Amino acid sequence: GIQVEQSPPDLILQEGANSTLRCNFSDSVNNLQWFHQNPWGQLINLFYIPSGTKQNGRLSATTVATERYSLLYISSSQTTDSGVYFCAAIPPDSGGSNYKLTFGKGTLLTVNP
Amino acid sequence: NAGVMQNPRHLVRRRGQEARLRCSPVKGHSHVYWYRQLPEEGLKFMVYLQKENIIDESGMPKERFSAEFPKEGPSILRIQQVVRGDSAAYFCASSPFWGNEQFFGPGTRLTVL
């Protein structure tokens, strides 16, 4: 199956700093999603981005499908951005199971005041 | 628009008891997915259901676990005779169509004493 690798595994920032999180995947994708798991354990949808660029406030994401990676940008980070960021993907041909999201191991982001 | 609802948010059971986890998908979504997050294993697919049908339960343990998505009412993930190894966060997701973006609920954190 598809492999999803995220980097860095851990990241510590001061409030106000910018950051880039990376997601590499081993196959082409039909579905690529970014999530934020907050310190209370809730999983929050950030972006659905199998290709192209999207922006939502201080967050933006870019997926370069031909080169099999996606980037999540966080600008002017705030303490509430702390948590784990997951990338998850579905390849186009999964033996008929084109609905199983495969998750990376996540990037643990800590934003200090 | 209400998102995916899960209840309870936290559930404590003693070994041997039954756990019932409920998931109400986004209104109008007929595709439901369950994922489990074990402490050292990350988020993994368990089961995919459409109204009244189990499409793929390949990620669900064969024993003690079952899932349903009746014509009326929420999807239910049922774990019989729970063991300590079942302690995990269980997430439900829904989508309007097969293969689309999956919208995640806040999760149910199951603790088995």
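The values are calculated or read from the model by the stated rules, or taken from the named source; none is laboratory data. Because the structure is a prediction, the values reported are computed rather than measured. Glycine gets a Cβ as well: all are built from the backbone with ideal geometry, and neighbour counts include every protein chain shown. Keep in mind that these areas ignore ligands, DNA and RNA; they rest on the heavy atoms of the full protein, side chains included. Shrake-Rupley method; radii C 1.70, N 1.55, O 1.52, S 1.80 Å.
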**Item:** Positions within the stretch A:43-61 being among the polar types (S, T, N, Q) and either over 26 Å from B:Phe91 (Cα atoms) or in contact (Cβ under 8 Å) with a residue 24 or more places away in the chain (or both), in sequence order
**Value:** A:Thr53
**Request:** Considering each residue of the stretch A:64-80, count those that are open to solvent by less than 10 Å² (accessible area, probe 1.4 Å) and either within 27 Å of B:Tyr33 (Cα to Cα) or among the basic types (Lys, Arg) (or both), and give that number.
**Result:** 2
**Request:** Look at the stretch A:64-113 and say how many of its residues are closer than 26 Å to A:Glu15 by Cβ and among the β-branched types (Val, Ile, Thr).
**Result:** 7
**Item:** In the stretch A:49-59, the residues that are surrounded by fewer than 17 Cβ atoms within 10 Å (Cβ to Cβ) and either over 21 Å from A:Thr102 (Cα atoms) or out of contact with any helix residue (DSSP H, G or I) (no Cβ under 8 Å at 6 or more places or on another chain) (or both)
**Value:** A:Gly52, A:Thr53, A:Lys54, A:Gln55, A:Asn56, A:Gly57, A:Arg58
**Asked** How many residues does the stretch A:87-110 contain that are of a type in the set (A, V, I, L, M, F, W, C) and open to solvent by 10 Å² or more (accessible area, probe 1.4 Å)?
**Response** 2
**Asked** Residues that are within 11 Å of chain A (Cβ to nearest Cβ), closer than 28 Å to A:Asn31 by Cα and within 10 Å of the chain's Cα centre (by Cα): which strands (runs of 3 or more DSSP E) entirely in the stretch B:46-113 hold 2 or more of them?
**Response** B:88-95
**Request:** Would you mention how many residues in the stretch B:84-109 are closer than 18 Å to B:Gly59 by Cα and not hydroxyl-bearing (Ser, Thr, Tyr)?
**Result:** 12
